[in-house]
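Here is the structure we will look at.
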Amino acid sequence: MRALCWHDVNDLRVDDVPEPELVNPRDVVLRVTLTTACGSDLHFIDGYLPTMREGDVIGHEFMGEVAEVGRKVESVEEGDRVVVPSFIGCGSCGYCQGDLWSLCDNTNPNAALQEPVLGDTTAGIYGYTHAFGGYAGSHAEYVRVPHADENCFHVPEELDDEQALFASDAWATGYMGADFCDIEEGDTVAVWGCGGVGLMAQQSAALMGAERVIGIDRFPERLRLAEREAGSETIDYTAVDSVVDTLKAMTGGRGPDACIDAVGMEAHGTGPAHAYDRAKQQLKLHTDRGEALRQAIVACRKGGTLSILGVYGLMDKFPLGIVMNKGLTVRTAQQHGQRYVPDLLEYAAEGEMDPSYLATHELELEESPRGYDLFKHKEDGCVRPVFVP
Ligand SMILES: [Zn+2]
Ligand SMILES: [Zn+2]
């Protein structure tokens, strides 16, 4: 079958690879009908995440049609149309039972690669380094889905693939970020980043009753999407002297009640702190540029919530003293998709939220390296390229 493979830093190619097979009786093999690139893929494409190997099939956000079913699978049948969260849950460990699916204890066979860095292991994830399990990814004609009963969610018939796809990751992640904020009526929520996850966080915050949502980015077309789709007010951070001052001015001097970081370690900024971060990151002295997160910490109102969705490694200059003195609540996680996907599919089916506009570019799988180029450089208004295997 054809699949998009990682060969080296910034070297992706569509290759012929063997088709996946059922390994465990609880597996299914899915014929992928739609899959998308995620911002976190850029971290290993750019070489910031180790343990990729030449020939690894990448991609973790996807949906498809069940093609083969293991003999112990109960909830799906051949031909079913399903969407699958990017982190793999086992359904039976204490973390899965506690709805903390991305912390699953059983689905990362390479836990030993993570433990020295994280002190423990996350769940496994498709197509995302050997430290995260070494599972083959979804930018392929077929993908193996372990623990199918826990990880396959039936897509309501009335939804297009584009409406269901983002429940796999971008929407679930953004929704979780808003959920972390325990939004109450009258709240103002600021979101750094108007990419896929940032837009989903903004729309979800509005859906949960936030009175004002403020989106922060530098690309005019993304800011327009935030205004149009989420009803957000927006800040173009290249057009203001200080994002923090702007947010304070917009909120009567207090700052937003909750701040969501949907940017992570590839954050861009404008000030000297950013230039310093970038130089250090390029020298590999530390892995993160933390401009967005630092702004969020400084801007957030006293006693507010900081919800971190961006992916980080080690970060220096993290102003913990501000977090402590202002009494901020910090909440963060990789996405617990299985907890949210059923609700998201229901919202979509009821017409309350439609994330399909994120799919700005639809390409054949053969064209996926070009899709990643568009995505990485945010050319041609690209929010998310989607690939049809
Ligand atoms: Zn992702
Ligand atoms: Zn588990």
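The residues of region 163-184 that are open to solvent by 10 Å² or more (accessible area, probe 1.4 Å), touching a Ser or Thr at 6+ places or on another chain (Cβ under 7 Å), closer than 13 Å to Ser204 by Cα and part of a helix (DSSP H, G or I) amount to a single one, Tyr175. Scan region 59-76 and give yes if some residue there is free of Cβ contacts under 8 Å to residues at least 12 places away in the same chain, acidic (Asp, Glu) and touching a Ser or Thr at 6+ places or on another chain (Cβ under 9 Å), otherwise no. For region 59-76, residues free of Cβ contacts under 8 Å to residues at least 12 places away in the same chain, acidic (Asp, Glu) and touching a Ser or Thr at 6+ places or on another chain (Cβ under 9 Å): absent. Checked against (1) in contact with a strand residue (DSSP E or B) (Cβ under 7 Å, 6 or more places away or on another chain); (2) in a loop (DSSP other than H, G, I, E, B); (3) closer than 23 Å to Leu34 by Cβ, Tyr128 passes all but a single condition, namely (1).
Considering region 74-105, the residues that are open to solvent by 70 Å² or more (accessible area, probe 1.4 Å) and not acidic (Asp, Glu) include one that is nearest to ligand 1 (Cβ to nearest atom), namely Tyr95. Among helices (runs of 4 or more DSSP H) entirely within region 305-389, having at least 3 residues that are under 22 Å from Val84 (Cα atoms) and open to solvent by 50 Å² or more (accessible area, probe 1.4 Å) singles out 337-349. Within region 215-235, residues that are on the phi > 0 side of the Ramachandran plot sit with their Cβ atoms under 8 Å from residues that are at pLDDT 95 or above, at 6+ positions apart or across chains, in these pairs: Gly231/Ala206; Gly231/Val213.
Pick out the one residue from Thr287, Thr305 that is at pLDDT below 90 and among the polar types (S, T, N, Q).
On the way: Thr305 fails: at pLDDT below 90.
Matching residue, one of Thr287, Thr305: Thr287.
Of the candidates Leu4, Leu22, the single residue that is within 19 Å of Glu362 (Cβ to Cβ) and aliphatic (A, V, I, L, M) is Leu4. Does region 51-71 contain at least one residue that is at positive phi, more than 16 Å from ligand 2 (Cβ to nearest atom) and of a type in the set (Val, Ile, Thr)? Yes, some residue in region 51-71 is at positive phi, more than 16 Å from ligand 2 (Cβ to nearest atom) and of a type in the set (Val, Ile, Thr).
Within region 37-55, track down each residue that is among the charged types (D, E, K, R), within 16 Å of ligand 1 (Cβ to nearest atom) and open to solvent by 20 Å² or more (accessible area, probe 1.4 Å).
Asp46
The single residue among Leu30, Leu34, Leu22 that is in the same structural domain as Phe87 (by the TED database) and open to solvent by 50 Å² or more (accessible area, probe 1.4 Å) turns out to be Leu22. Looking only at residues of region 58-73 that are touching a strand residue (DSSP E or B) at 6+ places or on another chain (Cβ under 8 Å) and open to solvent by 60 Å² or more (accessible area, probe 1.4 Å), we find that the one that is nearest to ligand 1 (Cβ to nearest atom) is Glu65.
The values are calculated or read from the model by the stated rules, or taken from the named source; none is laboratory data. Quantities reported herein were computed from a predicted structural model and do not represent experimental measurements. Neighbour counts are summed over all protein chains in view; Cβ atoms, including those assigned to glycine, are modelled from backbone coordinates with ideal geometry. The protein model used for the area step is the full one, side chains on, heavy atoms only, and it has no ligands, DNA or RNA in it. Shrake-Rupley method; radii C 1.70, N 1.55, O 1.52, S 1.80 Å.
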